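Worksheet: one structure, shown below.
The values are calculated or read from the model by the stated rules, or taken from the named source; none is laboratory data. From a predicted model like this one, the values you see are computed outputs, not experimental measurements. Don't worry about glycine lacking a Cβ; one is built from the backbone with ideal geometry, like all the others, and counts go over all protein chains shown.
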Amino acid sequence: MRRSILSTALALVLALALATAAQAQPKGLTKIAENVYSYVGVKDASPKHSYAANAGIVIGTDGVLVIDTLATAKEGKRLLKDIRAVTKKPIKYVVTTHEHFDHALGSSVFTDLGATLVAHELNRAYLAKNGESMLKKIQAFGLSPQDIAGTRIVLPSLTFTERLTIRLGSQDNEVVELIHLTSSHSPGSTLVYLPRQKVLFAGDVLFTDFHPFMGEGDVPGWVKTLDFIDGLDATAIIPGHGPLSTKKDVADMREYIQLFDAKAKELAPTAKDPASLAAEMKKLLPARSLGEGMIQYNLMIKYLPAKK
Ligand SMILES: [Zn+2]
């Protein structure tokens, strides 16, 4: 049963309910490495601000590759404006790390400029099947008609299943590798790796300091993907949500989802109700400061189907 659209949206809203905007955050795109920039450490997790999703760029000789496009056309335009503060080069490619709308629905802003939209085959299939209904329903989860004005579904024109290498020029440091091992955070979740710069855009395979959305997660595949990241030569890791991260954060994420999965399976059959189970789980889980409401929502989607 596909509950993706609704579940993702609701989960994100729950996350928002406990997010804070108290701390200062970087403005615009942060330089991660030479010719690599990204949003990182976004604290405004409101729907209007794409639930604090990160997005970034790689600049090559021939043009720019964008990684993720935020939740709406309006948000895609915010990203475009921030990109233009860094480079005036043409935007050649836009890659979405996965199919969840907070990472994918600003894509038309870039395809309208002539960029090629690239994604995993499963992400394209998901958008083709669910995109229009997703667009209709996201209004119910904190985005006003004005927020989503101009947002439309565009399907990737370039897809892959396991790996794809994109070159933004002839230099070694202009190679971008898209990697999909197996389903993880979502069926099509993709890693975007810059081998020379040792930078990884992990998408929502990694949440740092946010409680992760696990409602569509394949925990064994997710663990396998995190183990793969652990073996990658990467010194700067950009999570789907959260601050610039390291291998320590990858290990913490693995610990979190394994513990969550084991404890939820153990405790769900005798749980009184979702709220009390969530409270019990919170005591057992590693601390995360943002998106605490996600604990209960993950339980309801994935571990307590009868009580949903
Ligand atoms: Zn996601």
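All of (1) in contact (Cβ under 8 Å) with a residue 60 or more places away in the chain; (2) part of a helix (DSSP H, G or I) hold for Leu259 with one exception: (1).
The single condition among (1) over 26 Å from Gly41 (Cβ atoms); (2) at pLDDT below 95; (3) loosely packed, with under 13 Cβ neighbours inside 10 Å; (4) not acidic (Asp, Glu) that Pro286 does not satisfy is (1).
I'd like to check something: does segment 255-268 contain any residue that is hydrophobic (A, V, I, L, M, F, W, C), within 16 Å of the ligand (Cβ to nearest atom) and under 26 Å from Leu70 (Cβ atoms)? There is at least one residue in segment 255-268 that is hydrophobic (A, V, I, L, M, F, W, C), within 16 Å of the ligand (Cβ to nearest atom) and under 26 Å from Leu70 (Cβ atoms).
Counting only residues that are in contact with a Ser or Thr (Cβ under 6 Å, 6 or more places away or on another chain) and free of Cβ contacts under 8 Å to residues at least 40 places away in the same chain, segment 225-254 holds 1 of them.
Could you pull out every one of the strands (runs of 3 or more DSSP E) wholly within segment 182-247 that has 1 or more residues that are among the small types (Gly, Ala, Ser) and either modelled with pLDDT of 95 or more or away from the ligand (no atom under 15 Å from the Cβ) (or both)?
Numbers: elements: 191-194, 199-207, 236-241.
In segment 182-247, 199-207, 236-241 are the strands (runs of 3 or more DSSP E) which contain 1 or more residues that are among the small types (Gly, Ala, Ser) and either modelled with pLDDT of 95 or more or away from the ligand (no atom under 15 Å from the Cβ) (or both).
Filter segment 122-137 for residues that are within 15 Å of the ligand (Cβ to nearest atom) and over 15 Å from Thr159 (Cβ atoms); which is surrounded by the fewest Cβ atoms within 10 Å (Cβ to Cβ)? Top of the filtered list is Asn130.
For segment 101-127, filtered to residues that are of a type outside the set (A, V, I, L, M) and closer than 10 Å to Asp68 by Cβ, the residue that is nearest to the chain's Cα centre (by Cα) is His103. Restricting attention to segment 70-88, does a residue exist that is in contact (Cβ under 8 Å) with a residue 24 or more places away in the chain, within 17 Å of Leu191 (Cα to Cα) and within 16 Å of the ligand (Cβ to nearest atom)? Taking every residue of segment 70-88 in turn, at least one turns out to be in contact (Cβ under 8 Å) with a residue 24 or more places away in the chain, within 17 Å of Leu191 (Cα to Cα) and within 16 Å of the ligand (Cβ to nearest atom). For segment 89-121, what are the residues that are in contact (Cβ under 8 Å) with a residue 40 or more places away in the chain and within 14 Å of the ligand (Cβ to nearest atom)? Scanning segment 89-121 gives Thr96, Thr97, His98, Glu99, His100, Phe101, Asp102, His103, Leu105, Ala119, His120. All conditions but one from (1) crowded, with 23+ Cβ neighbours inside 10 Å; (2) within 16 Å of the ligand (Cβ to nearest atom); (3) among the aromatic types (Phe, Trp, Tyr) apply to Phe141; the one that does not is (1).
Residue-by-condition table, conditions (1) more than 21 Å from Pro47 (Cα to Cα); (2) surrounded by 22 or more Cβ atoms within 10 Å (Cβ to Cβ):
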position	(1), (2)
Asp68	no, yes
Thr87	yes, no
His100	no, yes
Ser108	no, no
Asp112	yes, no
His120	yes, yes
Asp147	no, no
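Checking each residue in segment 169-224 for being surrounded by fewer than 17 Cβ atoms within 10 Å (Cβ to Cβ), within 30 Å of Gly63 (Cβ to Cβ) and free of Cβ contacts under 8 Å to residues at least 24 places away in the same chain picks out only Glu177.
Please verify whether segment 14-25 includes one or more residues that are on the phi < 0 side of the Ramachandran plot, assigned to a loop (DSSP other than H, G, I, E, B) and modelled with pLDDT of 90 or more. Step through it out loud before you land on a result.
Pass one, segment 14-25, residues on the phi < 0 side of the Ramachandran plot: 14-25.
From the residues that got through so far, the ones that are assigned to a loop (DSSP other than H, G, I, E, B) too are 18-25.
Checking the rest, the ones that are also modelled with pLDDT of 90 or more come to none.
Looking for residues that are on the phi < 0 side of the Ramachandran plot, assigned to a loop (DSSP other than H, G, I, E, B) and modelled with pLDDT of 90 or more, one finds none in segment 14-25, hence no.
Evaluated against (1) more than 16 Å from the ligand (Cβ to nearest atom); (2) touching a residue at least 24 places away in the same chain (Cβ under 8 Å); (3) under 26 Å from Leu232 (Cα atoms); (4) polar (S, T, N, Q), Thr165 falls short on exactly one condition, (2).
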